[in-house]
Amino acid sequence: MPEPMPDEHYLGILFRALHICAQYTPKFGRGRGGGVTLEQFQAMYGADPFYNWIGLASPLMYAAHKAAGGMTSIYRQIGIGCESIFRQMLAYHLGLTDDQAGWSYEIRRGNTTQTLTLDGRIDLRHLQDEVIRERVENWLEAAKARAAVAPEIAAQLTGAVFEVRQGYKSKDAKRQNADIANSVNAYQRFYLPVVALFSTQIDEDIAERYEAQKWLMLIGTTEGASTQSTYAFCRDVVGYDLAGFFERNSGEIKKEVETILTRILTA
């Protein structure tokens, strides 16, 4: 069993993702170019007779737009950081290569081929350490039972693939349909699809829909079995106390988030 990776490594992953948020500026319909500064915003809205008449060229209006988009950016970047931490944790503590710890597959759409990816993978065939492999095998058997996978399908599964999120409260039907397509392709390739949330924030309707499609749902609780809790899974199956990492470094992470929030909420 390898020694735990230094906290600074995982903190670096999370902070690099968060720092992108600090540079956020709203685009105001300017397409894919860079964001609009306060001065550019005031010039643009000030030149619009209606917006100027009713007072929308105010720095407070700019701050409101910046805050709204910035909040979305923070959630997105935290999610990206969580994905990277989870995948590197799998690789390091289970003795996998980066390619083995990730998963992608190709689909044909018309005359083009599209590559789709999930955020993590554990394939029993890649596990060289017998103790680790036995631990993962035991978890996989329990996970298949909890997800109520049909016996004839369960017998063929060789591992699991993971969709990692910081939370999931969006009702985005396109995102949900894409995930359902991922689960179908996962089963076709003999993997159990797993959603791993770092928080407890998920809409009940969404959770029920995913479970109906035979996803295993791991929620960001600090209690519960490894087939229910993301942090129990990390501790008991992967062999790394991820909850302990966040607890140890909570003060530093909060300070970083506070700094970024202050920048986003300032015009």
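Quick note: the coordinates plus some simple rules give every number you see, no bench work behind them. Keep in mind that what you see is a predicted model, and the values were worked out from it rather than measured. Positions of Cβ are generated from backbone atoms using ideal geometry, with glycine treated the same way; all protein chains shown enter the neighbour counts.
Net charge near residue 243: determine it from the other residues with C-beta under 12 Å of the C-beta of residue 243, scoring Lys and Arg +1 and Asp and Glu -1.
Result for the local shell: -2.
Tell me, what ³J(HN,Hα) does each residue in the stretch 96-111 have, in order and in whole Hz, if you take phi through Karplus 6.51 cos²θ - 1.76 cosθ + 1.60 with θ = phi - 60° and put x for Gly and Pro?
9, 6, 4, 5, 5, 7, x, 8, 9, 8, 10, 10, 9, 10, x, 9
May I ask for the percentage of alpha-carbon pairs in the chain that lie more than 28 Å from each other?
That fraction is 44 percent.
Quick check: convex hull of the Cα atoms in the stretch 186-267, volume per residue, rounded to a whole Å³?
Cα convex hull per residue, to the nearest whole number: 142 Å³.
What's the center-to-center distance, using Cα atoms, between the stretch 218-241 and the stretch 55-71 in Å?
40 Å
Please give the contour-minus-distance gain from residue 109 to residue 8: 0.36 nm per residue of separation, less the Cα-Cα distance, rounded to one decimal in nm.
32.2 nm
So for 71, 217, fewest C-beta neighbours within 10 Å to most, what's the order?
Starting with the residue having the fewest Cβ neighbours, the order is 71, 217.
Assign one of three labels to the stretch 128-267, namely rounded, prolate or oblate, based on the Cα gyration tensor with a ≥ b ≥ c the square roots of its eigenvalues; rounded applies when a/c is under 1.5, prolate when it is not and a/b is larger than b/c, and oblate otherwise.
It comes out oblate by the Cα gyration axes.
Taking the Cα of residue 267, stepping 7 Å toward and past its beta carbon, and measuring to each backbone N in the stretch 49-64: which are under 12 Å?
It comes to 55-64, nothing else.
Please report the antiparallel percentage of the DSSP beta bridges confined to the stretch 7-264, to the nearest 5.
Rounded to the nearest five, the antiparallel share is 50 percent.
Between residue 156 and residue 169, what is the label-point separation in nm under the 7 Å Cα-to-beta-carbon projection?
Label at residue 169, label at residue 156, 3.9 nm between them.
Assuming R0 = 35 Å, what is the FRET efficiency of residue 99 and residue 43, from their Cβ-Cβ distance, to the nearest 0.05?
0.10
Of all alpha-carbon pairs in the stretch 1-101, indicate the percentage at a distance above 17 angstrom.
63 percent
What is the sum of charges, Lys and Arg at +1 and Asp and Glu at -1, for the other residues whose Cβ falls under 11 Å from the Cβ of residue 24?
+4
For the chain, with a Gaussian network of springs between Cα atoms less than 10 Å apart, report the residue from 236, 205, 123 with the top mean-square fluctuation.
Maximum among the listed residues: 205.
How would you classify the stretch 88-149 from its alpha-carbon gyration tensor, with a ≥ b ≥ c the square roots of the eigenvalues: rounded for a/c under 1.5, else prolate if a/b is greater than b/c, otherwise oblate?
The shape class here is oblate.
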